[in-house]
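One structure below.
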Ligand code: FES
Ligand SMILES: [Fe+2]
(Lines give C-alpha, C1' and ligand atoms only; values in the text may rest on other atoms or scores of the structure.)
(Ligands and ions follow the chains in the order given, each with its own letter.)
Protein backbone atom coordinates (compact mmCIF):
# COMPACT_ATOMS: atom_id res chain seq x y z
CA UNK A 1 0.00 0.00 0.00
CA UNK A 2 1.26 3.45 -0.83
CA UNK A 3 1.87 5.81 2.06
CA UNK A 4 -0.96 8.34 2.11
CA UNK A 5 -0.08 11.98 1.62
CA UNK A 6 -1.01 13.65 4.87
CA UNK A 7 0.17 17.00 3.61
CA UNK A 8 -3.41 17.60 2.51
CA UNK A 9 -4.54 17.42 6.09
CA UNK A 10 -5.59 20.94 7.03
CA UNK A 11 -4.68 20.56 10.68
CA UNK A 12 -1.15 19.56 9.80
CA UNK A 13 -0.56 21.98 6.97
CA UNK A 14 0.92 24.69 9.15
CA UNK A 15 2.71 23.55 12.19
CA UNK A 16 3.38 25.55 15.32
CA UNK A 17 6.57 24.41 17.02
CA UNK A 18 6.62 23.88 20.77
CA UNK A 19 9.05 25.50 23.19
CA UNK A 20 11.39 23.42 25.29
CA UNK A 21 14.59 21.41 25.26
CA UNK A 22 14.98 19.02 22.33
CA UNK A 23 17.69 16.52 21.50
CA UNK A 24 18.97 16.86 17.95
CA UNK A 25 22.22 14.85 18.03
CA UNK A 26 24.27 12.49 20.15
CA UNK A 27 27.44 13.69 21.84
CA UNK A 28 29.39 11.08 19.84
CA UNK A 29 28.51 12.93 16.64
CA UNK A 30 30.11 16.11 17.89
CA UNK A 31 33.81 15.64 18.53
CA UNK A 32 36.06 18.56 19.57
CA UNK A 33 36.74 20.60 16.44
CA UNK A 34 33.74 19.06 14.63
CA UNK A 35 30.81 20.75 12.87
CA UNK A 36 27.49 19.11 11.95
CA UNK A 37 24.23 20.47 10.57
CA UNK A 38 20.90 19.21 11.88
CA UNK A 39 17.42 20.05 10.63
CA UNK A 40 15.26 21.26 13.49
CA UNK A 41 11.84 22.90 13.44
CA UNK A 42 11.96 23.84 9.80
CA UNK A 43 15.49 25.29 9.86
CA UNK A 44 19.05 24.11 9.98
CA UNK A 45 20.97 24.28 13.22
CA UNK A 46 24.75 24.23 12.99
CA UNK A 47 26.33 22.40 15.91
CA UNK A 48 30.03 22.63 16.60
CA UNK A 49 32.36 21.77 19.43
CA UNK A 50 35.30 23.98 20.21
CA UNK A 51 38.77 22.48 20.65
CA UNK A 52 38.34 22.80 24.43
CA UNK A 53 35.12 20.75 24.19
CA UNK A 54 32.40 23.41 24.50
CA UNK A 55 29.30 22.58 22.42
CA UNK A 56 27.69 25.43 20.49
CA UNK A 57 24.49 25.65 18.44
CA UNK A 58 24.24 28.52 15.98
CA UNK A 59 22.09 29.83 13.15
CA UNK A 60 23.21 28.33 9.83
CA UNK A 61 23.84 31.52 7.89
CA UNK A 62 26.86 33.74 8.25
CA UNK A 63 25.92 37.32 9.17
CA UNK A 64 28.45 38.62 6.63
CA UNK A 65 26.96 37.41 3.35
CA UNK A 66 24.92 34.37 4.21
CA UNK A 67 27.19 31.40 3.51
CA UNK A 68 26.24 28.18 5.28
CA UNK A 69 28.39 27.75 8.36
CA UNK A 70 27.90 23.98 8.33
CA UNK A 71 30.58 23.96 5.63
CA UNK A 72 32.93 25.98 7.80
CA UNK A 73 35.50 24.79 10.30
CA UNK A 74 36.46 25.18 13.93
CA UNK A 75 39.69 26.98 14.77
CA UNK A 76 40.42 26.81 18.47
CA UNK A 77 37.33 28.25 20.13
CA UNK A 78 36.00 29.98 17.00
CA UNK A 79 33.83 28.90 14.10
CA UNK A 80 35.10 30.11 10.74
CA UNK A 81 32.87 30.72 7.71
CA UNK A 82 33.89 28.86 4.53
CA UNK A 83 33.35 31.92 2.28
CA UNK A 84 35.40 34.96 3.44
CA UNK A 85 36.73 33.22 6.54
CA UNK A 86 35.11 35.52 9.07
CA UNK A 87 35.61 33.98 12.51
CA UNK A 88 33.05 34.07 15.31
CA UNK A 89 33.84 33.58 19.00
CA UNK A 90 31.69 31.51 21.36
CA UNK A 91 29.78 34.65 22.34
CA UNK A 92 28.83 35.14 18.66
CA UNK A 93 31.05 38.20 18.04
CA UNK A 94 32.94 38.43 14.78
CA UNK A 95 36.58 38.48 15.92
CA UNK A 96 38.51 38.45 12.63
CA UNK A 97 38.14 38.38 8.87
CA UNK A 98 39.92 36.29 6.28
CA UNK A 99 41.28 39.32 4.40
CA UNK A 100 42.78 41.07 7.43
CA UNK A 101 40.14 43.84 7.55
CA UNK A 102 38.82 44.94 10.90
CA UNK A 103 35.92 42.63 11.85
CA UNK A 104 32.52 44.29 11.41
CA UNK A 105 30.05 44.51 14.24
CA UNK A 106 28.35 41.27 13.40
CA UNK A 107 26.72 38.86 15.78
CA UNK A 108 26.13 35.21 15.07
CA UNK A 109 22.82 34.04 16.50
CA UNK A 110 22.99 31.10 18.83
CA UNK A 111 20.77 28.75 20.77
CA UNK A 112 21.18 27.51 24.30
CA UNK A 113 22.73 24.07 24.11
CA UNK A 114 23.52 21.32 26.62
CA UNK A 115 25.70 18.22 26.66
CA UNK A 116 23.31 15.96 28.46
CA UNK A 117 23.54 12.20 29.11
CA UNK A 118 25.51 11.58 25.95
CA UNK A 119 23.07 13.66 23.89
CA UNK A 120 23.02 17.22 22.57
CA UNK A 121 19.95 19.23 23.56
CA UNK A 122 19.06 22.67 22.22
CA UNK A 123 16.49 25.12 23.49
CA UNK A 124 13.60 26.29 21.36
CA UNK A 125 11.90 29.45 22.60
CA UNK A 126 9.43 31.28 20.36
CA UNK A 127 9.71 35.07 20.41
CA UNK A 128 13.11 34.86 22.08
CA UNK A 129 12.08 33.07 25.25
CA UNK A 130 15.10 31.92 27.22
CA UNK A 131 15.23 28.51 28.96
CA UNK A 132 12.68 28.33 31.71
CA UNK A 133 13.88 25.10 33.21
CA UNK A 134 16.90 22.83 33.12
CA UNK A 135 17.02 19.24 31.99
CA UNK A 136 16.95 16.78 34.89
CA UNK A 137 20.04 14.98 36.09
CA UNK A 138 20.22 11.22 36.41
CA UNK A 139 22.42 8.94 38.44
CA UNK A 140 23.43 6.03 36.23
CA UNK A 141 25.32 4.15 38.94
CA UNK A 142 24.67 0.44 38.55
CA UNK A 143 23.15 0.78 35.07
CA UNK A 144 24.42 -0.91 31.93
CA UNK A 145 25.96 1.01 29.04
CA UNK A 146 23.23 2.63 26.92
CA UNK A 147 21.77 1.26 23.73
CA UNK A 148 20.81 4.10 21.42
CA UNK A 149 18.34 4.33 18.57
CA UNK A 150 17.04 6.99 16.21
CA UNK A 151 14.49 7.00 13.38
CA UNK A 152 12.51 9.59 11.47
CA UNK A 153 8.72 9.63 11.25
CA UNK A 154 5.87 11.42 9.63
CA UNK A 155 3.61 13.66 11.73
CA UNK A 156 3.91 15.26 15.15
CA UNK A 157 6.56 14.65 17.79
CA UNK A 158 3.71 14.36 20.29
CA UNK A 159 3.15 10.80 19.09
CA UNK A 160 6.07 9.64 21.21
CA UNK A 161 4.90 11.07 24.51
CA UNK A 162 1.15 10.93 23.98
CA UNK A 163 1.58 7.18 23.58
CA UNK A 164 2.41 6.94 27.28
CA UNK A 165 -0.83 8.64 28.26
CA UNK A 166 -2.96 6.48 26.00
CA UNK A 167 -3.77 3.78 28.53
CA UNK A 168 -6.05 1.55 26.49
CA UNK A 169 -3.71 0.99 23.54
CA UNK A 170 -1.40 -1.11 25.71
CA UNK A 171 -4.03 -3.83 25.51
CA UNK A 172 -5.64 -3.13 22.15
CA UNK A 173 -2.44 -2.59 20.17
CA UNK A 174 0.31 -4.25 22.18
CA UNK A 175 -1.72 -7.10 23.65
CA UNK A 176 -0.76 -6.58 27.27
CA UNK A 177 -3.10 -8.51 29.48
CA UNK A 178 -4.27 -5.88 31.91
CA UNK A 179 -3.73 -2.25 32.57
CA UNK A 180 -4.65 -0.26 35.62
CA UNK A 181 -6.18 2.84 34.09
CA UNK A 182 -7.35 4.36 37.36
CA UNK A 183 -4.37 6.70 37.72
CA UNK A 184 -4.40 10.28 36.50
CA UNK A 185 -1.17 12.11 35.80
CA UNK A 186 0.25 14.69 38.17
CA UNK A 187 1.40 17.91 36.60
CA UNK A 188 3.75 20.61 37.78
CA UNK A 189 4.50 23.29 35.18
CA UNK A 190 6.65 21.76 32.46
CA UNK A 191 6.60 18.38 34.21
CA UNK A 192 3.97 15.63 34.06
CA UNK A 193 4.16 12.25 35.74
CA UNK A 194 2.10 9.09 35.32
CA UNK A 195 2.52 5.66 36.84
CA UNK A 196 0.73 2.68 35.30
CA UNK A 197 0.70 -0.93 36.36
CA UNK A 198 0.23 -3.62 33.78
CA UNK A 199 0.47 -7.35 33.36
CA UNK A 200 2.38 -8.83 30.47
CA UNK A 201 2.86 -12.57 29.99
CA UNK A 202 1.62 -13.01 33.55
CA UNK A 203 4.27 -10.68 34.98
CA UNK A 204 3.36 -7.47 36.79
CA UNK A 205 5.14 -4.49 35.24
CA UNK A 206 5.23 -0.91 36.46
CA UNK A 207 5.75 1.87 33.96
CA UNK A 208 6.73 5.24 35.34
CA UNK A 209 6.55 8.08 32.82
CA UNK A 210 8.09 11.46 33.59
CA UNK A 211 8.02 14.21 30.98
CA UNK A 212 9.99 17.44 31.02
CA UNK A 213 8.41 19.44 28.24
CA UNK A 214 7.58 17.70 24.97
CA UNK A 215 11.20 16.84 24.16
CA UNK A 216 12.07 14.49 26.99
CA UNK A 217 10.30 11.50 28.46
CA UNK A 218 12.02 9.32 31.03
CA UNK A 219 10.37 5.91 31.21
CA UNK A 220 11.28 3.54 33.99
CA UNK A 221 10.02 0.02 33.47
CA UNK A 222 10.23 -2.20 36.53
CA UNK A 223 9.78 -5.93 36.70
CA UNK A 224 9.71 -6.01 40.48
CA UNK A 225 9.62 -9.79 40.78
CA UNK A 226 12.86 -10.14 38.86
CA UNK A 227 14.36 -6.95 40.32
CA UNK A 228 15.00 -5.67 36.81
CA UNK A 229 14.72 -2.04 35.81
CA UNK A 230 15.03 -0.54 32.35
CA UNK A 231 15.32 3.21 32.00
CA UNK A 232 14.58 4.82 28.65
CA UNK A 233 15.20 8.41 27.73
CA UNK A 234 12.82 9.08 24.85
CA UNK A 235 13.70 12.37 23.19
CA UNK A 236 11.50 13.29 20.22
CA UNK A 237 12.24 16.41 18.16
CA UNK A 238 10.29 18.03 15.35
CA UNK A 239 12.43 18.31 12.24
CA UNK A 240 9.88 20.08 10.03
CA UNK A 241 6.13 20.51 9.75
CA UNK A 242 5.41 16.83 9.21
CA UNK A 243 8.65 15.20 10.17
CA UNK A 244 10.04 14.27 13.54
CA UNK A 245 12.78 12.12 14.98
CA UNK A 246 12.30 9.53 17.68
CA UNK A 247 15.48 8.95 19.62
CA UNK A 248 15.91 6.82 22.67
CA UNK A 249 18.56 5.46 24.96
CA UNK A 250 17.97 2.42 27.15
CA UNK A 251 19.93 1.37 30.21
CA UNK A 252 19.31 -1.68 32.30
CA UNK A 253 19.82 -2.29 35.99
CA UNK A 254 19.53 -5.64 37.72
CA UNK A 255 20.09 -5.14 41.43
CA UNK A 256 21.23 -8.66 42.27
CA UNK A 257 23.86 -8.51 39.55
CA UNK A 258 25.82 -5.93 41.54
CA UNK A 259 27.08 -8.78 43.74
CA UNK A 260 28.66 -10.48 40.75
CA UNK A 261 32.22 -9.79 39.53
CA UNK A 262 32.52 -6.94 37.00
CA UNK A 263 33.30 -9.19 34.02
CA UNK A 264 30.24 -11.35 34.72
CA UNK A 265 28.03 -8.25 35.05
CA UNK A 266 29.31 -6.99 31.74
CA UNK A 267 28.63 -10.32 30.09
CA UNK A 268 25.05 -10.56 31.42
CA UNK A 269 24.25 -6.97 30.48
CA UNK A 270 25.86 -7.56 27.10
CA UNK A 271 23.33 -10.33 26.46
CA UNK A 272 20.25 -9.05 28.26
CA UNK A 273 20.27 -5.38 27.17
CA UNK A 274 20.19 -6.08 23.42
CA UNK A 275 17.67 -8.91 23.98
CA UNK A 276 15.31 -6.58 25.81
CA UNK A 277 15.86 -3.74 23.36
CA UNK A 278 15.69 -5.57 20.05
CA UNK A 279 13.45 -8.53 20.85
CA UNK A 280 10.95 -7.00 23.23
CA UNK A 281 10.95 -3.20 23.03
CA UNK A 282 11.49 -2.58 19.32
CA UNK A 283 8.75 -4.96 18.09
CA UNK A 284 6.28 -3.12 20.35
CA UNK A 285 7.55 0.24 19.22
CA UNK A 286 7.10 -0.93 15.64
CA UNK A 287 3.40 -1.47 16.37
CA UNK A 288 3.19 2.16 17.53
CA UNK A 289 5.25 3.41 14.59
CA UNK A 290 2.97 1.71 12.07
CA UNK A 291 0.09 3.72 13.53
CA UNK A 292 2.04 7.01 13.88
CA UNK A 293 3.31 6.91 10.32
CA UNK A 294 -0.19 7.19 8.85
CA UNK A 295 -1.98 8.92 11.66
CA UNK A 296 -3.52 12.37 11.48
CA UNK A 297 -3.56 14.63 14.51
CA UNK A 298 -7.07 14.42 15.99
CA UNK A 299 -7.58 17.92 17.25
CA UNK A 300 -10.67 17.14 19.27
CA UNK A 301 -10.44 13.47 20.16
CA UNK A 302 -13.43 11.53 21.39
CA UNK A 303 -12.07 9.91 24.55
CA UNK A 304 -13.76 7.03 26.27
CA UNK A 305 -14.41 6.89 29.99
CA UNK A 306 -10.98 5.57 30.98
CA UNK A 307 -8.92 7.97 28.87
CA UNK A 308 -8.55 10.78 31.39
CA UNK A 309 -4.73 10.63 31.18
CA UNK A 310 -4.89 11.40 27.47
CA UNK A 311 -6.99 14.51 28.00
CA UNK A 312 -4.79 15.61 30.89
CA UNK A 313 -1.78 15.20 28.62
CA UNK A 314 -3.32 17.28 25.83
CA UNK A 315 -4.17 20.07 28.24
CA UNK A 316 -0.66 20.01 29.68
CA UNK A 317 0.97 19.89 26.21
CA UNK A 318 -0.89 23.01 25.04
CA UNK A 319 1.22 25.25 27.31
CA UNK A 320 4.32 24.73 25.14
CA UNK A 321 2.85 26.20 21.99
CA UNK A 322 2.86 29.88 21.20
CA UNK A 323 -0.55 31.42 20.84
CA UNK A 324 -1.11 32.89 17.41
CA UNK A 325 -3.51 35.66 16.66
CA UNK A 326 -5.40 34.34 13.68
CA UNK A 327 -7.84 35.46 11.00
CA UNK A 328 -7.27 39.16 11.55
CA UNK A 329 -6.24 40.44 8.10
CA UNK A 330 -6.51 44.03 9.32
CA UNK A 331 -4.17 43.43 12.21
CA UNK A 332 -0.50 44.17 12.06
CA UNK A 333 0.08 41.11 14.19
CA UNK A 334 -2.03 38.80 12.07
CA UNK A 335 -0.44 35.39 11.81
CA UNK A 336 2.32 36.34 14.20
CA UNK A 337 3.02 35.04 17.62
CA UNK A 338 1.63 37.55 20.05
CA UNK A 339 1.81 35.80 23.36
CA UNK A 340 2.22 32.51 25.09
CA UNK A 341 -0.76 30.93 26.65
CA UNK A 342 0.44 29.34 29.86
CA UNK A 343 -2.76 27.85 31.18
CA UNK A 344 -1.13 25.44 33.60
CA UNK A 345 -2.68 22.03 33.67
CA UNK A 346 -5.19 21.40 36.41
CA UNK A 347 -4.87 18.02 38.04
CA UNK A 348 -8.29 18.03 39.49
CA UNK A 349 -10.16 14.95 38.23
CA UNK A 350 -13.34 17.03 37.89
CA UNK A 351 -11.50 19.43 35.67
CA UNK A 352 -10.27 16.56 33.53
CA UNK A 353 -13.78 15.12 33.29
CA UNK A 354 -15.05 18.53 32.15
CA UNK A 355 -12.28 18.68 29.58
CA UNK A 356 -13.13 15.18 28.38
CA UNK A 357 -16.75 16.20 27.89
CA UNK A 358 -15.65 19.26 25.92
CA UNK A 359 -13.36 17.20 23.73
CA UNK A 360 -16.04 14.61 23.14
CA UNK A 361 -18.53 17.29 22.16
CA UNK A 362 -16.03 18.70 19.70
CA UNK A 363 -16.13 21.96 21.61
CA UNK A 364 -12.60 23.02 22.34
CA UNK A 365 -13.53 26.52 23.44
CA UNK A 366 -12.80 25.95 27.10
CA UNK A 367 -9.55 24.14 26.40
CA UNK A 368 -6.30 25.85 25.47
CA UNK A 369 -5.82 25.80 21.73
CA UNK A 370 -3.79 22.81 20.73
CA UNK A 371 -0.76 22.95 18.59
CA UNK A 372 -1.79 23.56 15.04
CA UNK A 373 -2.68 26.83 13.44
CA UNK A 374 -4.17 27.62 10.07
CA UNK A 375 -1.68 28.88 7.54
CA UNK A 376 -1.75 32.35 6.02
S1 LIG B 1 29.68 34.92 4.03
FE2 LIG B 1 30.70 34.29 5.78
S3 LIG B 1 32.54 35.34 5.72
FE4 LIG B 1 31.49 36.07 4.00
FE1 LIG C 1 2.67 2.07 22.55
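Residues in region 92-150 that are touching a helix residue (DSSP H, G or I) at 6+ places or on another chain (Cβ under 8 Å), buried (at least 18 other Cβ atoms within 10 Å of the Cβ) and modelled with pLDDT under 95: 144 only. Taken together, the criteria exclude residue 48 from residues that are at pLDDT below 95, on the phi < 0 side of the Ramachandran plot, surrounded by 16 or more Cβ atoms within 10 Å (Cβ to Cβ) and within 25 Å of the chain's Cα centre (by Cα).
Inspection of region 282-291 identifies at least one residue that is touching a strand residue (DSSP E or B) at 6+ places or on another chain (Cβ under 8 Å), over 30 Å from residue 189 (Cα atoms) and within 16 Å of ligand 2 (Cβ to nearest atom). Using the structure shown, decide if residue 175 is within 24 Å of residue 291 (Cα to Cα), more than 13 Å from the chain's Cα centre (by Cα) and away from ligand 1 (no atom under 16 Å from the Cβ). Spelling it out, residue 175 is indeed within 24 Å of residue 291 (Cα to Cα), more than 13 Å from the chain's Cα centre (by Cα) and away from ligand 1 (no atom under 16 Å from the Cβ). Residues in region 72-86 that are touching a residue at least 24 places away in the same chain (Cβ under 8 Å) and either outside the structural domain of residue 104 (by TED's automatic domain parsing) or out of contact with any strand residue (DSSP E or B) (no Cβ under 8 Å at 6 or more places or on another chain) (or both): 76, 77. Restricting attention to region 167-191, the residues that are surrounded by 20 or more Cβ atoms within 10 Å (Cβ to Cβ) and within 15 Å of ligand 2 (Cβ to nearest atom) add up to 3.
A single member of 57, 89 is surrounded by fewer than 22 Cβ atoms within 10 Å (Cβ to Cβ) and either within 16 Å of ligand 1 (Cβ to nearest atom) or in contact (Cβ under 8 Å) with a residue 40 or more places away in the chain (or both), and it is 89. State whether the residues of region 290-301 include one that is crowded, with 19+ Cβ neighbours inside 10 Å and modelled with pLDDT of 90 or more. Checked against the condition, which is being crowded, with 19+ Cβ neighbours inside 10 Å and modelled with pLDDT of 90 or more, region 290-301 yields at least one hit. Could you grab me the full set of residues in region 65-81 that are near ligand 1 (Cβ under 8 Å from one of its atoms) and loosely packed, with under 15 Cβ neighbours inside 10 Å? Once the filter is applied, which keeps residues that are near ligand 1 (Cβ under 8 Å from one of its atoms) and loosely packed, with under 15 Cβ neighbours inside 10 Å, region 65-81 yields 65, 66.
Which count do you get for residues in region 151-166 that are near ligand 2 (Cβ under 10 Å from one of its atoms) and part of a loop (DSSP other than H, G, I, E, B)? It would help to see each step written out before you state the result.
Taking region 151-166 as the starting set, the residues that turn out to be near ligand 2 (Cβ under 10 Å from one of its atoms) are 159-160, 162-164, 166.
Still in the list and also part of a loop (DSSP other than H, G, I, E, B): 166.
Going through region 151-166 one residue at a time, the tally reaches 1.
Would you be able to say whether some residue in region 128-150 is within 16 Å of ligand 2 (Cβ to nearest atom), under 30 Å from residue 190 (Cα atoms) and within 29 Å of the chain's Cα centre (by Cα)?
Within region 128-150 (the criterion being within 16 Å of ligand 2 (Cβ to nearest atom), under 30 Å from residue 190 (Cα atoms) and within 29 Å of the chain's Cα centre (by Cα)), the answer is yes, since at least one residue qualifies.
The values are calculated or read from the model by the stated rules, or taken from the named source; none is laboratory data. What you see is a predicted model; the values in this text were computed from it and never measured. Don't worry about glycine lacking a Cβ; one is built from the backbone with ideal geometry, like all the others, and counts go over all protein chains shown.
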